[in-house]
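Q: For reference, the structure I am asking about is given below.
The values are calculated or read from the model by the stated rules, or taken from the named source; none is laboratory data. The structure displayed is predicted, hence computed values, not measured ones. Every residue, glycine as well, gets a Cβ built from its backbone with ideal geometry; the counts of neighbours run over all protein chains shown. Keep in mind that these areas ignore ligands, DNA and RNA; they rest on the heavy atoms of the full protein, side chains included. Shrake-Rupley method; radii C 1.70, N 1.55, O 1.52, S 1.80 Å.
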Amino acid sequence: MLGVFSSSVVSPPDELVAAGSRTPSPKTTAAALVKRFTESNASTVLVEAGDHVQLAYTHQNESSLQPRSFGVKDEIFCMFEGALDNLGSLRQQYGLAKSANEVVLVIEAYKALRDRAPYPPNHVVGHLSGSFAFILFDKSTSTLFVASDQFGKVPLFWGITADGYVAFADDIELLKGACGKSLASFPQGCFYSTAVGGLMCYENPKNKITAVPANEEEIWGATFKVEGATVLAARE
């Protein structure tokens, strides 16, 4: 799956901007990145959620244990990869039909957060148990909400394209050529929300997240880590 967002939606993380500036490397535009994804994946579904947002996914090469799904409701677009162990109990909690899958659950959980505040994002994401990564965009409020499970079972990466778009994908090879060194593994157990102003750990929301510059030989420019008594590395 792939999501690209212009700077009018999300400000590029300073750490990734700095990583690309510190070690200049070739980049491509967001349009070229999306074109590469669609041309290299069979049966790609490409959705434009506004003038500055593109979402793309395919079922090609997906794991049977971690399928990809896509849903739209009330201008909320969501791509989900993985499976929730507690989907049944969450369906009951949110009053959903037994046929509701993970992507429907995430959209409804986000709506509850948005419409029935005060529910902090970490409260909603923290109830999800299993292997997952999702990219959600609320067109009505121009809000981006991205999260990864606490063990990083579903890979998720983010970077900055040549024209300043922030790109999220589950395929590191896809972003390597497009984002240069402005590239990192998305930290496990964390979420990124433009509504709360950035990156947070949903288990320990008060713990600061720092970006450690990567070594020159590494493919990415920084590694995000959650500070605290228990330090969760951004990647294994």
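Q: Can you tell me how many residues in the stretch 23-57 are outside any loop (DSSP other than H, G, I, E, B) and touching a strand residue (DSSP E or B) at 6+ places or on another chain (Cβ under 7 Å)?
A: 14
Q: Does SER25 meet the test of being under 20 Å from PHE186 (Cβ atoms), at pLDDT below 90 and touching a helix residue (DSSP H, G or I) at 6+ places or on another chain (Cβ under 9 Å)? Walk me through how you get there before you give the answer.
A: Details: under 20 Å from PHE186 (Cβ atoms): yes; at pLDDT below 90: yes; touching a helix residue (DSSP H, G or I) at 6+ places or on another chain (Cβ under 9 Å): yes.
Yes: the conditions hold for SER25.
Q: Only residues that are over 16 Å from GLY3 (Cβ atoms) and of a type outside the set (D, E, K, R): list them for the stretch 139-181, please. Give the derivation first.
A: Step one: of the stretch 139-181, the residues over 16 Å from GLY3 (Cβ atoms) are 140-141, 149-153, 162, 173, 176-177, 180-181.
Correct list: SER140, THR141, GLN150, PHE151, GLY152, ALA162, GLY177, GLY180.
Q: Go through GLY50, GLY20 for me and flag whichever is touching a Ser or Thr at 6+ places or on another chain (Cβ under 6 Å) and modelled with pLDDT under 95.
A: Working: GLY50 fails: touching a Ser or Thr at 6+ places or on another chain (Cβ under 6 Å).
Selected residue: GLY20, the only one of GLY50, GLY20 that is touching a Ser or Thr at 6+ places or on another chain (Cβ under 6 Å) and modelled with pLDDT under 95.
Q: If you don't mind, there's one more thing I want to ask. Can you tell me which of PHE151, PHE134, PHE186 is without any contact (Cβ under 8 Å) to a residue 60 or more places away in the chain, aromatic (Phe, Trp, Tyr) and open to solvent by 10 Å² or more (accessible area, probe 1.4 Å)? Working first, answer last.
A: Working: PHE134 fails: open to solvent by 10 Å² or more (accessible area, probe 1.4 Å); PHE186 fails: open to solvent by 10 Å² or more (accessible area, probe 1.4 Å).
Criteria check complete, one pass: PHE151.
Q: Just give me the residues in the stretch 176-214 being outside any loop (DSSP other than H, G, I, E, B) and among the polar types (S, T, N, Q), in sequence order.
A: At the first step, the residues of the stretch 176-214 found to be outside any loop (DSSP other than H, G, I, E, B) are 176-179, 183-185, 190-193, 198-201, 209-213.
Within the stretch 176-214, SER185, SER193, THR210 qualify.
Q: So, one more: Could you grab me the full set of residues in the stretch 19-31 that are surrounded by 15 or more Cβ atoms within 10 Å (Cβ to Cβ) and not basic (Lys, Arg)?
A: ALA19, GLY20, THR23, SER25, THR28, THR29, ALA30
Q: Just a yes or no: is a residue in the stretch 88-106 assigned to a loop (DSSP other than H, G, I, E, B), open to solvent by 10 Å² or more (accessible area, probe 1.4 Å), among the charged types (D, E, K, R) and farther than 28 Å from SER64 by Cα?
A: No, there is no match, as no residue in the stretch 88-106 is assigned to a loop (DSSP other than H, G, I, E, B), open to solvent by 10 Å² or more (accessible area, probe 1.4 Å), among the charged types (D, E, K, R) and farther than 28 Å from SER64 by Cα.
Q: Considering only residues that are open to solvent by less than 80 Å² (accessible area, probe 1.4 Å) and touching a Ser or Thr at 6+ places or on another chain (Cβ under 9 Å), which ones fall in the stretch 32-43?
A: Kept after step one, since they are open to solvent by less than 80 Å² (accessible area, probe 1.4 Å), are these residues of the stretch 32-43: 32-34, 37-38, 40-42.
Hits for the stretch 32-43 are ALA32, LEU33, PHE37, THR38, ASN41, ALA42.
Q: Can you name every residue in the stretch 154-175 that is open to solvent by less than 10 Å² (accessible area, probe 1.4 Å), part of a loop (DSSP other than H, G, I, E, B) and over 14 Å from PHE224 (Cβ atoms)?
A: Matches in the stretch 154-175: VAL154, THR161.
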